Amino acid sequence: MKVLSVMNMIMKRSIFLGIPFLFMLNLMIVPTLFAQNKSIVRMGATDTQSFDENWLFSRYGLQSDGSRKEEPKNLESENYNDTAWQKLDLPHDWAITGPFRSDLTGETGKLPWKGIGWYRKHFTIPATDAGKQIFVDFDGAMAYAKIWLNGKYVGTWPYGYNSFRMDLTPFIKPGQKNIIAVRLDTESWDSRWYPGGGIYRHVWLVKTNPVHVGHWGTYITTPKITAKSATVQLAVTVDNATKKNVTAKVRTVLFELDKNNTPKSKAAATKESVLELKAGASAVLESQATIANPKRWDIKSPNRYVAQTTISMNGKVVDTYNTPFGIRTIEFSATKGFLLNGQKVEIKGTCNHHDLGALGAAINTSGLKRQLKMLQDMGCNSLRTSHNVPAPELLELADQMGFLVWDEAFDTWKVGKKKNDYNKIFDEWHKKDLNAMVHRDRNHPSVFIWSIGNEVPDQQNVALTKQLADIVRKEDPTRPVSNGYNDPDGGRGSGAAQAMDVMGVNYFFSKQAQWDADPRYTNMPTLGSETASTVSSRGEYFFGKEYENWQISSYDTAHPGWGCTPDEQFRTNAKFPNMLGEYVWTGFDYLGEPTPYNSDETNLLNFRSDPSKIAELEKKLEELRKSNPPSRSSYFGIIDLAGFPKDRFYSYQSKWRPELPVAHIFPHWNWKERIGLVTPVHVYTSGDEAELFLNGKSLGRKVKTPGIDFRLIWNDVVYTPGELKVVCYKNGKEWATDMVKTTGKAAQLNASADRSVITDDGSDLSFITIKVTDKDGLMIPRSNSLIKFSIEGAGEIVATDNGDATSFVPFQSHERQAYNGMALVIVKAKKGQKGQFKVKAESEGLSTSFVTIKIK
Ligand code: GAL
């Protein structure tokens, strides 16, 4: 790939890349390829069908109650009697039904995810498929997947976060019954967070002719972009699965994609090229096309194109393959920062784990989209996929919605953090896993940085760092390689970080000025790859302390020893104006890792060069082990596990969207036990000045010191019930106001849906928020009323939650207490049913609330 090596030379330090990407399907040929959500389309062959339905499941080894069930032999066999197995559709996370168990560790969510899971699916393909290549593409299966077809072993992919393809062709029986069997093993896997268990992402059946575009077989770059034209460079890998040498013709047509992911007008086409393919061999064909007046992909206007590649033999089209892509330039510089299409963009990012709260690890596009919309509303423009390769849907949504993505491969290399980490398979698999990540994801315009790791214990290893970075660069020289370092010296002292294009700093900025002055790193663009780690529980406020009853005060002052408040991080960032930006740990609360109530000793790794801090933390961990906290999910989220914003949301919104009039006052104003007591009041605002009023009386005006203050604080407010109001100003003009009011008694429930029209595909969801309010509709901030949920009509309850990190109520329960005034019920339409359904929320002594959801 000549063009790529030229681009390689352009890389180093100041990386200027025109990259594109996108994809799409050929609506003209096969119109309905994607069952889950037709508006999500991906790179691949046009004959790609959902393979999610009608699986059978049985669990062996460790069971959810901690007992063991022996795994019988021959579960892969064609004749095995699986009639008693559980019927289900994918994606499936076998552990999210719990139960939560206090004897299990908080670090993985107190959920029983360890076990051996078997899946079987009986299916037929038409006799007319004889002679075709038949593949099954797994987007992800946790973990150590082994696959058999009709009793014959097909292959394995141990790493649970990667996507992989299995070639069924040798054993498939067209026109007859086939049985695919999948064995998964999470007993051999350890994790620092909740990984889930099972085939938790989508699965696809792909059919092609023997001469076809290979798996992830297109690579599109845009080496030259001007306002007038963009050169689109395509490298197409064509596989010849026949036993004969063949001649194939390859041509790619580029279409603009509209907002509904539908190809619009033709934008350009390559010339038809002739490719001679040896029997059983693959070859790469490079070609170019020029798009006039290209529409750039940008975070504000995520325009995309789709490349439709066809392969013809003897005048007949034998394969069609779609690759969505975008046209944009990225440039990273130690002096100019990060430039997208020539414009400076500050990275306002969040790290996120892969679980979707009450839905567990099972991917759900509407659940993910809800999260991304909230993050975007906060001003977040970038996602770090901590600490693994994401579901394809995340990148598809990022492309469509305009997020930049730090795409991450590993949490460990050769040295594990836990006993059974990736280190066990590193030697055999790291190259295959890195290649899989890059080949799958390199056509997404959203992906702008590759990360080879997070806080790996061997981050000082010079040779290994270079080896991994080079594997990635060989497959995609158009994006920088980075790594999240958490040792103030690590990586840089040894020189390992010299292999990076972008330096990723997790938390430890104390020596940043020293490293910036070090000639080895002076010109290296730097990013806060992990920042803040503030911890809080939504709606909890403590006075004179930060922790109580396994909850954490929402005054946003608490953080573990390695972390800091958002405010402190903003001040640190300001010291390094050329830093590209930051990724806050984390956007959402997630299952597992309930720091500071997390007794996981890998926390010690955060202080690898500070023995006194290690000793202090070791003592705390010992105490935690003895007290066995009930906490099963994190407190790090800016947004809680149920998707309800904590106060911190408005800190980031104020900073990241300075043009938006934001005022947010806290705590709530229902403190009957605090009458006459000093009750500090904090305000986040995008203004620069604010005046506070209690029952109409001014409590004074406060002014932010620019670059120093990121909230305004009235520390001496004496609590009196009533109305607390803040009026914020910007440049001397009134800008935004907010108010909290002492409420009356709880009188009613108030339910509202994020989406009142959903589809009947069985996975589209509506998230309904229930607030306990007084008769005037004011939320009762400390209410914990028990709420019962039910449905009339063609809908079902999928899960409930309230964001309480210590609740052991199963997510599938139809009853749940409000946590600090709020609860969530997630509903879907019954598959294939039309009409509407009514969701009812009731609680004793309160008036009932209904929401109607229409099915389209
Ligand atoms: C970091 C680590 C994250 C998470 C976080 C909690 O050191 O990379 O995965 O553990 O700490 O603050």
## Note on the structure
With all protein chains present, the stretch 346-627 has a carbon and sulfur share of its accessible area (1.4 Å probe) in percent of 50
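Just to confirm the filter: which trypsin sites (Lys or Arg not before Pro) across the stretch 501-541 are DSSP coil and have at most 15 other Cβ within 10 angstrom of their Cβ?
Details: sites: LYS511, ARG520, ARG538; in loops: LYS511, ARG520, ARG538.
Taking the stretch 501-541 and a limit of 15 other Cβ atoms within 10 Å, the loop trypsin sites (Lys or Arg not before Pro) found are LYS511, ARG520.
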### Query
What residues qualify as long-range amide H neighbours of GLY795, i.e. H under 5 Å apart, gap of 5 or more or another chain, H built at 1.01 Å from N?
LYS830
### Task
Net charge near ARG42: determine it from the other residues with C-beta under 9 Å of the C-beta of ARG42, scoring Lys and Arg +1 and Asp and Glu -1.
-2
### Candidates per trypsin sites (Lys or Arg not before Pro) in the stretch 722-812, loop by DSSP, up to 10 other Cβ within 10 Å
LYS745
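Over the stretch 346-627, average the accessible area per residue using a 1.4 Å probe and give it in Å², no decimals.
Details: 8110 Å² over 282 residues.
Value returned for the stretch 346-627: 29 Å² of accessible area per residue.
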### Message
Going by amide H atoms built from the backbone, whose H comes under 5 Å of the H on GLY214, apart from near neighbours?
### Response
THR237, VAL238, ASP239
### For TYR200, residues with placed amide H under 5 Å, excluding near neighbours
HIS92, MET142
### Carbon/sulfur fraction of accessible area - the stretch 150-289, other protein chains in place, 1.4 Å, %
49
### Query
With respect to the cross-link table entries LYS418/LYS619; LYS121/LYS830; LYS369/LYS730; LYS697/LYS733, which display a Cα-Cα separation exceeding 29 Å?
LYS369/LYS730
### Message
Explain nothing, just compute: Karplus ³J(HN,Hα) = 6.51 cos²θ - 1.76 cosθ + 1.60, θ = phi - 60°, for every residue of the stretch 719-725 in order, whole Hz, x for Gly and Pro.
### Response
5, 9, x, x, 10, 10, 10
### Message
Output the 0 to 90 degree angle, nearest 10, between the alpha-carbon long axis of helix 392-401 and the longest principal axis computed from the alpha carbons of the chain.
### Response
70
### Query
Taking +1 at the Cβ of each Lys and Arg and -1 at the Cβ of each Asp and Glu, which of VAL41, GLN86, TRP55 sits farthest along the dipole of the stretch 40-123 towards its positive end, judged by Cα position relative to the Cα centre?
GLN86
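Specify whether the C-alpha gyration tensor of the stretch 346-627 places it in the rounded, prolate or oblate class, a ≥ b ≥ c being the square roots of the eigenvalues: rounded for a/c under 1.5, otherwise prolate if a/b is larger than b/c and oblate if not.
Values: a/c = 1.39, a/b = 1.18, b/c = 1.18.
Because its axes are fairly even, with a/c under 1.5, the stretch 346-627 counts as rounded.
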### Query
Relative to the longest principal axis of the chain, what angle (0 to 90°, nearest 10) does the C-alpha long axis of helix 365-378 take?
50
### Summary
Averaged per residue, the 1.4 Å probe accessible area of the stretch 748-855, protein heavy atoms only, in Å², is roughly 40
#### Entry: Alpha-carbon centroids, the stretch 58-92 and the stretch 597-675: separation in whole Å
39
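With a 1.4 Å probe and every protein chain kept in, tell me what percent of the accessible surface of the stretch 769-856 is carbon plus sulfur. It would help to have the intermediate numbers written out before the result.
Working: 1760 of 3780 Å².
It is 47 percent, rounded to a whole number.
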### Query
For the stretch 546-589 and the stretch 332-385, what is the separation of their C-alpha centers, rounded to whole Å?
17
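Count neighbours as other Cβ atoms within 10 Å of each site's Cβ, and list the trypsin sites (Lys or Arg not before Pro) in the stretch 79-172 that are DSSP loop with at most 15 such neighbours. Before the final figure, lay out each step's value.
Details: sites: LYS87, ARG101, LYS110, LYS114, ARG120, LYS121, LYS132, LYS146, LYS152, ARG165; in loops: ARG101, LYS110, LYS114, LYS132.
Passing both the DSSP loop test and the Cβ count: ARG101.
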### Query
Which parts of the stretch 135-167 would a label at ASN74 reach, counting a residue when its backbone N lies under 16 Å from a point 7 Å out along Cα-to-Cβ?
150-153
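Let's see if you can work this out: charge +1 on each Lys and Arg Cβ, -1 on each Asp and Glu Cβ, no other charges. What is the dipole magnitude of the chain about its Cα centre, in debye to the nearest 20? Each step should come with its number before you reach the end.
Numbers: 106 positive and 95 negative charges, 411 e Å.
The dipole of the chain has a size of about 1980 debye.
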### Charge sum, other residues only, whose C-beta stays under 9 Å from LEU56's C-beta, Lys/Arg counted +1 and Asp/Glu -1
+2
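Skip the ligands, DNA and RNA, and give the accessible area per residue of the stretch 48-203 with a 1.4 Å probe, whole Å².
On the way: 5600 Å² over 156 residues.
In whole numbers, the stretch 48-203 has 36 Å² accessible per residue.
Work out which GluC sites (Glu not before Pro) in the chain are exposed loop sites (DSSP not H, G, I, E or B, at most 13 other Cβ within 10 Å) and give the longest gap free of them.
Numbers: sites that count: GLU70, GLU272, GLU659, GLU844.
Answer - 273-658.
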### Dipole of the chain, positive direction: furthest Cα of THR800, VAL238, SER790, with charges on the beta-carbon
VAL238
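When only Cα pairs under 8 Å and 6 or more residues apart are kept, what is the percent relative contact order across the stretch 346-627?
Relative contact order, the stretch 346-627: 17 percent.
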### Message
If packing is taken as the average number of other Cβ atoms within 10 Å across a peptide's residues, how do 826-833, 229-236 rank, most packed first?
### Response
229-236, 826-833
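Which links in LYS249/LYS278; LYS207/LYS828; LYS474/LYS511 stretch past 21 Å when you go from one Cα to the other? Walk me through the numbers on the way to the answer.
Details: LYS249/LYS278 14 Å; LYS207/LYS828 31 Å; LYS474/LYS511 32 Å.
Among LYS249/LYS278; LYS207/LYS828; LYS474/LYS511, the Cα-Cα distance tops 21 Å for LYS207/LYS828; LYS474/LYS511.
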### Backbone HN-Hα couplings from phi across the stretch 837-848 [Karplus 6.51/-1.76/1.60, Hz, Gly and Pro as x]
9, 10, 9, 10, 10, 9, 8, 4, x, 10, 6, 6
### Message
Show me, for the stretch 812-817, the HN-Hα J-couplings you get by feeding each phi into the Karplus relation (A = 6.51, B = -1.76, C = 1.60, θ = phi - 60°), rounded to Hz, glycine and proline as x.
### Response
8, 5, 8, 10, 7, 6
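The values are calculated or read from the model by the stated rules, or taken from the named source; none is laboratory data. Values in this document were obtained by computation on a predicted structure and should not be read as measured data. As a convention, Cβ positions derive from the backbone with ideal geometry for all residues, glycine included, and neighbour counts pool all protein chains shown. With ligands, DNA and RNA removed, areas are computed over all heavy atoms of the protein, side chains included. Shrake-Rupley method; radii C 1.70, N 1.55, O 1.52, S 1.80 Å.
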